[in-house]
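Below is one structure, written out as structure tokens, with a few remarks after it.
The values are calculated or read from the model by the stated rules, or taken from the named source; none is laboratory data. This one's a predicted model, so the numbers in the text were calculated from it and none came from an experiment. With ideal geometry, Cβ positions are generated from the backbone for all residues, glycine too; neighbour counts draw on all protein chains shown.
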Amino acid sequence: MSNDRYVSPMSERYASKEMQYIFSPDMKFRTWRKLWIALAETEKELGLNITEEQIEELKAHQEDINYDVAKEREALVRHDVMSHVYAYGVQCPKAKGIIHLGATSCYVGDNTDLIVMTEALRLVRKKLINVIAELSKFAMKYKDLPTLAFTHFQPAQPTTVGKRATLWLQELKLDLDDLEYLIDSMKLLGSKGTTGTQASFLELFDGDYEKVKAVDRMIAQKMGYKECYPVSGQTYSRKVDTRVLNVLAGIAASAHKFSNDIRLLQHLKEIEEPFEKNQIGSSAMAYKRNPMRSERIASLANYVMADAMNPAMTSSTQWFERTLDDSANKRVSIPEGFLAVDGILDLYLNVVDGLVVYPKVIEKRLMSELPFMATENIMMDAVKAGGDRQELHERIRQLSMEAGKNVKENGLDNNLLELIAADPAFNMTLEELKKTMDPSKYVGCAPMQTEEFVREVIQPILDANKDMLGMTAEINV
């Protein structure tokens, strides 16, 4: 590593080597050569004067890219594509004259961008499914553990720890739906020519439009795609980049929500993210256990959600068949968005895999609030014993306010049960009241909802993708 120049933290700290390679120059230039071979094969199969010997020569040098020759040539001609055409031709003298025949720079540039994004989306999908798998295990493990639920971050009715996890899971399932739709709809540009009219190919094939149409179809098949976009300018529509970043931003938003909840739970000391034996939480306060991983998820997620504006602005300001004001922005916004989401999912997987739950703390907080939430049940029991509902409702209201005052103003424990037991209107002993304080009576359908959601919605996804499960994630710094 060089210490005298800027290095993207996406590479140094956050993204996996696998995602970094997808956006590497080597991946790009190897894909260029695959595309040139696909083009030459297609043109030969459609009747152009290209020999099998030339094709074989191209294939023989598909992998051993002479980067030094390309770099030297680019310094002279200032054109990356033509520099690599030249370098390939140096290695393939017999095929030199048919490399890139009839194509523009966007043939390799744009098709490679689409291929790279598709590969990156597949890696995102793999990691997302692994996060879903780990989170579903967590949900099932704690489906019956009652916990205090919050609305407006104010105590509300109880839920379970597992049920809360299904809320995180459901958002990831929605992201997976969007991701799979996007992957399935990705197409190639094909070879459309300078303004998308394929004029050069109509000339090459002596006006045979059917052969011109076949060029795109055959290239797509050779590169593993179902089809090419039917129309384009010189480039594929930059609207595609917008769709891609919007899906990544959706994943980032879901991860952000999860990370916020974990940070709040860690503040409450109910659930903690992993904390390593030698990890330092604070340089000044040795006792601190900061939720560093969750905070990093939130930070990277903010970046991705803001980054989604880049392709939106770029696609909206392309003039007619193309302008080049997309290039510099696209080189940064697309790879960095993917690298950030890759880092987010690694962090998400790492956190879920090591979450620490403190049932006693959870129970203590729930029990401190449960008497307030149990008043409806207490009142109904008192009515069954002969009490007047309207009178009892007013008495419970008054006693609840008194107990709340004891907690908030005097710092005392919640003594609502004692107050009710002392009130003859209820005709209930403290022991009878305490029997109503079983938290499992107040979680509603949460355990069943959790089990049913995991079984019917999540498990089929995991069963269909079991070959890619079992990932673990190590994080840097």
Exercise. May I ask you to verify whether V108 is in a helix (DSSP H, G or I), within 30 Å of E180 (Cα to Cα) and not hydroxyl-bearing (S, T, Y)?
Key: yes
Self-check item: Residue check for V383: β-branched (V, I, T), closer than 25 Å to R293 by Cα and either surrounded by 13 or more Cβ atoms within 10 Å (Cβ to Cβ) or out of contact with any Cys (no Cβ under 6 Å at 6 or more places or on another chain) (or both)
Solution: no
Practice problem: Looking only at the range 313-325, count how many residues are surrounded by 16 or more Cβ atoms within 10 Å (Cβ to Cβ) and assigned to a helix (DSSP H, G or I). | Solution: 2
Practice problem: Quickly run through the range 373-389 and pick out the residues that are without any contact (Cβ under 8 Å) to a residue 60 or more places away in the chain and under 45 Å from the mean Cα position of the chain (by Cα). | Solution: T375, E376
Quiz item: Any idea how many residues of the range 219-229 are surrounded by 19 or more Cβ atoms within 10 Å (Cβ to Cβ) and either at pLDDT below 95 or assigned to a helix (DSSP H, G or I) (or both)?
Solution: 2
Self-check item: Criterion: in a helix (DSSP H, G or I), touching a Lys or Arg at 6+ places or on another chain (Cβ under 9 Å) and crowded, with 22+ Cβ neighbours inside 10 Å - qualifying residue of L345, L339
Solution: L345
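Yes/no matrix, rows are residues, columns are (1) at pLDDT below 90; (2) surrounded by fewer than 16 Cβ atoms within 10 Å (Cβ to Cβ):
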| residue | (1), (2) |
| --- | --- |
| M373 | yes, no |
| Q390 | yes, yes |
| Q398 | no, yes |
| N415 | no, no |
Quiz item: Which is farther than 30 Å from N130 by Cα and over 43 Å from the mean Cα position of the chain (by Cα), of L366, L392?
Solution: L392
Quiz item: What number of residues within the range 428-477 are assigned to a helix (DSSP H, G or I), closer than 22 Å to D353 by Cα and in contact with an Asp or Glu (Cβ under 7 Å, 6 or more places away or on another chain)?
Solution: 1
Self-check item: the range 1-44, subset small (G, A, S), part of a helix (DSSP H, G or I) and over 27 Å from the mean Cα position of the chain (by Cα), residue surrounded by the fewest Cβ atoms within 10 Å (Cβ to Cβ)
Solution: A38
Quiz item: Looking at the range 76-108, which of the residues that are under 21 Å from E321 (Cβ atoms) and touching a residue at least 60 places away in the same chain (Cβ under 8 Å) is surrounded by the fewest Cβ atoms within 10 Å (Cβ to Cβ)?
Solution: T104
Exercise. Check the range 450-467 and report whether any residue there is of a type in the set (F, W, Y), surrounded by 18 or more Cβ atoms within 10 Å (Cβ to Cβ), more than 30 Å from M10 (Cβ to Cβ) and over 48 Å from the mean Cα position of the chain (by Cα).
Key: no
Quiz item: Which residue, of N406, N427, is of a type in the set (S, T, N, Q), more than 28 Å from V161 (Cβ to Cβ) and touching a residue at least 12 places away in the same chain (Cβ under 8 Å)?
Solution: N427
Exercise. Just one of (1) closer than 30 Å to E376 by Cα; (2) free of Cβ contacts under 8 Å to residues at least 24 places away in the same chain; (3) outside any helix (DSSP H, G or I); (4) not small (G, A, S) trips up L167, so point out which.
Key: (3)
Quiz item: Looking only at the range 375-387, which residues are outside any helix (DSSP H, G or I) and either out of contact with any helix residue (DSSP H, G or I) (no Cβ under 9 Å at 6 or more places or on another chain) or at pLDDT 85 or above (or both)?
Solution: A385, G386
Exercise. Go through the range 110-164 residue by residue and tally those that are more than 24 Å from I297 (Cα to Cα), in contact with a Leu (Cβ under 9 Å, 6 or more places away or on another chain) and among the acidic types (D, E).
Key: 2
Practice problem: Kindly establish whether E363 is at pLDDT 95 or above and surrounded by fewer than 19 Cβ atoms within 10 Å (Cβ to Cβ). | Solution: yes
Quiz prompt | Subset of the range 158-188 (residues that are polar (S, T, N, Q) and exposed (fewer than 15 other Cβ atoms within 10 Å of the Cβ)) | solution = Q170, S185
Self-check item: From K173, K211, K143, residue being assigned to a loop (DSSP other than H, G, I, E, B) and modelled with pLDDT of 95 or more
Solution: K143
Self-check item: From D413, D438, D423, D463, residue being closer than 29 Å to S16 by Cα and not β-branched (V, I, T)
Solution: D463
Quiz prompt | Condition met for I362 (in a helix (DSSP H, G or I), over 30 Å from N246 (Cα atoms), out of contact with any Phe, Trp or Tyr (no Cβ under 7 Å at 6 or more places or on another chain) and of a type in the set (V, I, T)) | solution = yes
Quiz prompt | Residue that is surrounded by the fewest Cβ atoms within 10 Å (Cβ to Cβ), among those in the range 348-359 that are within 29 Å of the chain's Cα centre (by Cα) and part of a helix (DSSP H, G or I) | solution = D353
Exercise. State all residues of the range 45-75 that are among the β-branched types (V, I, T), in a helix (DSSP H, G or I) and touching a Phe, Trp or Tyr at 6+ places or on another chain (Cβ under 9 Å); if no residue qualifies, say none.
Key: V69
Quiz item: Restricting the search to the range 96-146, which residues are in contact with a Ser or Thr (Cβ under 9 Å, 6 or more places away or on another chain) and under 30 Å from G444 (Cα atoms)?
Solution: N130, L135, S136, A139, M140, Y142, K143, D144, L145, P146
